[in-house]
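**Student:** Handing you this structure, nothing more for now.
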Amino acid sequence: MKKIIVLFVFIFASSVNVQAQLLKLGLKGGLNYSNLTGSEIQTDALTSYHIGAVAEIKLAEKFAVQPELLYSTQGATYKTILGDIDNELGYLSIPVLAKIYLNNTISLEMGPQASFLLSEKNDFDIENQNTFDFAVAAGLGVNITKSIFIQGRYVLGLTEVSTTADTKNSVLQLSAGFMF
């Protein structure tokens with residue numbers, strides 16, 4: 001009976017260890033360098049931030065899926081004769097990225113991103129923003145240690161940001177994070 005209990009505990013502990021290696025959870029944050037593309041209006045890039053949770057689900061030795069839940073501020077600075085006008089859009093972004101490990105340290109990341117507009121801060125009052133943004137994201141990740149990572153990513157919007165102008169989001173993201 002003791003052997004069966006010891007065997008059961010050993011199998012249970014092994015499965016918990018395997019599951020812990022297959023799923024990692026963490027937090028990340030960083031800088032956004034965003035602009036709007038496709039507009040005839042002159043815009044400059046807006047520097048802002050993103051922060052949120054990240055998970056990594058290991059499916060094979062060199063392949064994982066990385067879903068994230070981020071609060072991301074994006075937008076642009078409009079140039080006018082009266083001065084610069086910032087249009088900052090706050091999104092709840094949900095990227096789901098395929099993560100291909102080139103080695104133990106470096107990975108390629110690419111996949112779709114769905115974003116939902118939560119807030120709009122601008123120096124002038126326009127209420128013509130679309131509330132959904134679909135994009136594709138691609139970039140590189142580097143594991144500094146088993147827990148600490150950095151990422152660089154480009155997010156290209158595929159849907160119109162505004163109901164009145166032919167503009168799409170374009171965001172360069174630099175991130176740092178910690179996996180538990």
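The values are calculated or read from the model by the stated rules, or taken from the named source; none is laboratory data. On a predicted model such as this, the values are computed, not experimentally measured, just so you know. All Cβ positions, glycine included, derive from the backbone under ideal geometry; neighbour counts span all protein chains shown. Note: accessible area is taken over every heavy atom of the protein model, side chains too, but ligands, DNA and RNA are not part of it. Shrake-Rupley method; radii C 1.70, N 1.55, O 1.52, S 1.80 Å.
**Student:** With θ set to phi - 60° and the Karplus curve 6.51 cos²θ - 1.76 cosθ + 1.60, what are the ³J(HN,Hα) couplings of region 31-37 in order, to the nearest whole Hz, using x for Gly and Pro?
**Tutor:** 9, 10, 10, 10, 8, 10, 10
**Student:** So what are the ³J(HN,Hα) numbers for region 148-155, from phi and the Karplus equation (6.51, -1.76, 1.60; θ = phi - 60°), rounded to whole Hz, Gly and Pro as x?
**Tutor:** Once θ is set to phi - 60°, the couplings for region 148-155 become 9, 9, 10, 9, x, 8, 10, 10 Hz.
**Student:** While we're here: Please list, by residue number, everything in region 71-89 whose backbone N is under 15 Å from a paramagnetic label point 7 Å out along Cα→Cβ of residue 119.
**Tutor:** 71-75, 87-89
**Student:** So, one more: Taking amide hydrogens as modeled 1.01 Å from N in the peptide plane, which residues meet the under 5 Å criterion relative to residue 49, leaving out close sequence neighbours?
**Tutor:** 32, 73
**Student:** Based on Cβ point charges of +1 for Lys and Arg and -1 for Asp and Glu, what charge dipole magnitude is obtained for region 37-87 about its Cα centre, in debye rounded to the nearest 20?
**Tutor:** Once rounded to the nearest 20, the dipole reads 160 debye.
**Student:** Something else about it: Please list, in order along region 101-109, the HN-Hα scalar couplings obtained from phi with the Karplus expression 6.51 cos²θ - 1.76 cosθ + 1.60 (θ = phi - 60°), rounded to whole Hz, x for Gly and Pro.
**Tutor:** 7, 7, 7, 5, 10, 10, 9, 8, 10
**Student:** Moving to a separate point now. For residue 49 and residue 110, calculate 0.36 nm times their separation in residues minus their Cα-Cα distance, and state this gained length in nm to one decimal.
**Tutor:** Full extension from residue 49 to residue 110 adds 19.9 nm.
**Student:** Would you tally the net charge around residue 26, using a Cβ to Cβ cut-off of less than 12 Å, leaving residue 26 out, and scoring K and R as +1, D and E as -1?
**Tutor:** Around residue 26, the surrounding residues sum to +1.
**Student:** Further question on the same structure: Please find the FRET efficiency linking residue 82 to residue 158, where r is the Cβ-Cβ separation and R0 is fixed at 41 Å, and quote it to the nearest 0.05.
**Tutor:** Step by step, r from the Cβ atoms, then E = 0.80.
**Student:** Before I look further, what does region 34-180 give for accessible area per residue, probe 1.4 Å, in whole square angstrom?
**Tutor:** 50 Å²
**Student:** Could you look at region 17-163 and say what percent of its accessible area is carbon and sulfur, using a 1.4 Å probe and all protein chains?
**Tutor:** Of all accessible area on region 17-163, carbon and sulfur atoms account for 65 percent.
**Student:** Where in region 53-71 is the amide nitrogen less than 12 Å from a point lying 7 Å along the Cα-to-Cβ axis of residue 180?
**Tutor:** The answer is 53-55.
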